[in-house]
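Below you'll find the structure, written out as structure tokens, and then a few comments.
The values are calculated or read from the model by the stated rules, or taken from the named source; none is laboratory data. Bear in mind that the values here come from a model prediction, so they are computed numbers and not experimental data. To get the accessible areas, we keep the full protein, side chains included, count just its heavy atoms, and leave off ligands, DNA and RNA. Shrake-Rupley method; radii C 1.70, N 1.55, O 1.52, S 1.80 Å.
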Amino acid sequence: IVLDAHNDFDGEMEEILLFCTTQRTRKEILKKIKLVSNVKNYTAHVLPLIQLGWVQMTIPGKPSSPKQKYHTTLKGKIVTELMNYIDEEGC
């Protein structure tokens, strides 16, 4: 996945990354961004963050496990901080 960081990084991505600093379920994440928990919404909103390495599964070998949770990686935290810095500085 290739992102134009300034144009493609949106409030929803930031909200997920900040929310997932504590381990969260798929349902919790999608509820946080006011979406129903289904495959379409997961694929559109959570999976891209996993593919970018910004969010990680707690049980990567079992993606459909009912015990599966997601958390923001160090890379995701750095991206969030960088985007906040860019917004504050007006870059």
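The phi-based Karplus calculation (6.51 cos²θ - 1.76 cosθ + 1.60; θ = phi - 60°) puts the 3J(HN,Hα) values of segment 67-73 at 8, 4, 9, 10, 8, 6, 7 Hz, whole numbers, x for Gly and Pro.
Axis angle, to the nearest 10 degrees, between helix 74-89 and the longest C-alpha principal axis of the chain: 30 degrees. In whole percent, and with a 1.4 Å probe on the protein chains, what portion of the accessible area of the chain is carbon and sulfur? Ligands and nucleic acids excluded, carbon and sulfur give 55 percent.
For the chain, the 222 nm mean residue ellipticity estimated from helices alone, with every DSSP H stretch of n ≥ 4 adding -39500 (n - 2.57) and the total spread over all residues, rounds to -14000 deg cm²/dmol. Within the chain, all pairs of alpha-carbon atoms sorted by distance into 10 Å bins from zero give the percentages 16, 52, 26, 5, 0.
Taking Cα pairs under 8 Å and at least six residues apart, what relative contact order does the chain come out at, in percent?
32
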